[in-house]
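To start, the structure itself, in structure tokens.
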Amino acid sequence: MFTRIAGRYDLMNTVMTAGRHHAWRRAVARAALAAPPGPILDLATGTADLALEIRALDGRRFVVGADFSDGMLRRARAKVAARAGGGLPLLAADALALPFPDGAFACVTSAFLLRNLEDLPRGLAEMRRVTRPGGRVVALDIVQPATPVWDRLFALYFHRVVPAVGALVGRDRAAYAYLPASVARFVTPVELARLMTRAGLRDVVHRRLGLGTVALHVGIA
């Protein structure tokens, strides 16, 4: 599915969020760069927007992008070649079985990955495993807002408007019907923080962005 929508993924993100997804990724990048010195893994890098944002904020950091979708990686490689001269390695990887040794990274980031995982605890455990002691795991994902009235308005937008826009702009209604469904069955920010703690991360904190529709979590390995 993600390979199918790769060609219009960036456009749809901009349309759905009115361009706010860039600011959210910038917040993730800033949180990642607060980690100790060392390489950063951007997991489920997609078209590499987050990885490139990290590099833009600190060109000295070595950043690796990994994704499960070949179509996304093709788009990412073209973007990286144009914006970073190719100096940002990109590779195919399964988030549930990462091809890296324990403690390989000072930080592992992800944007809009976690609710897509078949086994969320296992995915969090893998992120923790490849993060060195004292490093950070930083995750951004869409969540259901907790504010009365606004939660119903958001549900109306997400379940009715987004699939229609996905059909018109993204040319894939099914993919953009999957999106709100994945959010509806996802854990709450508090529950995600608990799962991160169970995975071995400590001092897990989170905050809501985007009028409560996205959550940024940070945990220390």
*Considering GLY71, GLY86, which residue is at positive phi and either in contact with a helix residue (DSSP H, G or I) (Cβ under 7 Å, 6 or more places away or on another chain) or touching a residue at least 40 places away in the same chain (Cβ under 8 Å) (or both)?*
GLY86
*Could you check ARG75 against (1) under 18 Å from LEU52 (Cα atoms); (2) assigned to a loop (DSSP other than H, G, I, E, B) and say which number it fails?*
(2)
*Mind telling me which of the residues ALA51, ALA66 ends up being buried (at least 22 other Cβ atoms within 10 Å of the Cβ) and either touching a helix residue (DSSP H, G or I) at 6+ places or on another chain (Cβ under 6 Å) or part of a helix (DSSP H, G or I) (or both)?*
ALA51
_Breaking point among (1) within 19 Å of LEU140 (Cβ to Cβ); (2) of a type outside the set (Asp, Glu); (3) at pLDDT 95 or above; (4) in a loop (DSSP other than H, G, I, E, B), for GLY19_ = (3)
*Unmet criterion (only one of (1) of a type outside the set (Gly, Ala, Ser); (2) buried (at least 17 other Cβ atoms within 10 Å of the Cβ); (3) under 21 Å from THR45 (Cα atoms); (4) within 16 Å of the chain's Cα centre (by Cα)) for GLU118*: (2)
*Hits in region 13-48 (condition: of a type in the set (A, V, I, L, M) and either crowded, with 22+ Cβ neighbours inside 10 Å or touching a His at 6+ places or on another chain (Cβ under 7 Å) (or both))*: VAL28, ALA29, ALA32, ALA35, ILE40, LEU41, LEU43, ALA44, ALA48
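Per-residue answers, yes or no, for (1) under 23 Å from ALA66 (Cβ atoms); (2) touching a residue at least 60 places away in the same chain (Cβ under 8 Å); (3) aliphatic (A, V, I, L, M):
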{"residue": "LEU90", "(1), (2), (3)": "yes, no, yes"}
{"residue": "LEU96", "(1), (2), (3)": "yes, no, yes"}
{"residue": "PHE100", "(1), (2), (3)": "yes, no, no"}
{"residue": "ALA106", "(1), (2), (3)": "yes, yes, yes"}
{"residue": "PRO121", "(1), (2), (3)": "yes, yes, no"}
{"residue": "ALA139", "(1), (2), (3)": "yes, yes, yes"}
{"residue": "THR147", "(1), (2), (3)": "no, yes, no"}
{"residue": "LEU179", "(1), (2), (3)": "yes, no, yes"}
*Residue among GLY166, GLY170, GLY219, GLY134 that alone is part of a loop (DSSP other than H, G, I, E, B) and either at pLDDT 95 or above or of a type in the set (Gly, Ala, Ser) (or both)*: GLY170
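The values are calculated or read from the model by the stated rules, or taken from the named source; none is laboratory data. In this text, all values refer to a predicted model and were calculated from it rather than measured experimentally. Cβ coordinates were reconstructed from backbone atoms using ideal geometry, including for glycine residues, and neighbour counts include every protein chain displayed.
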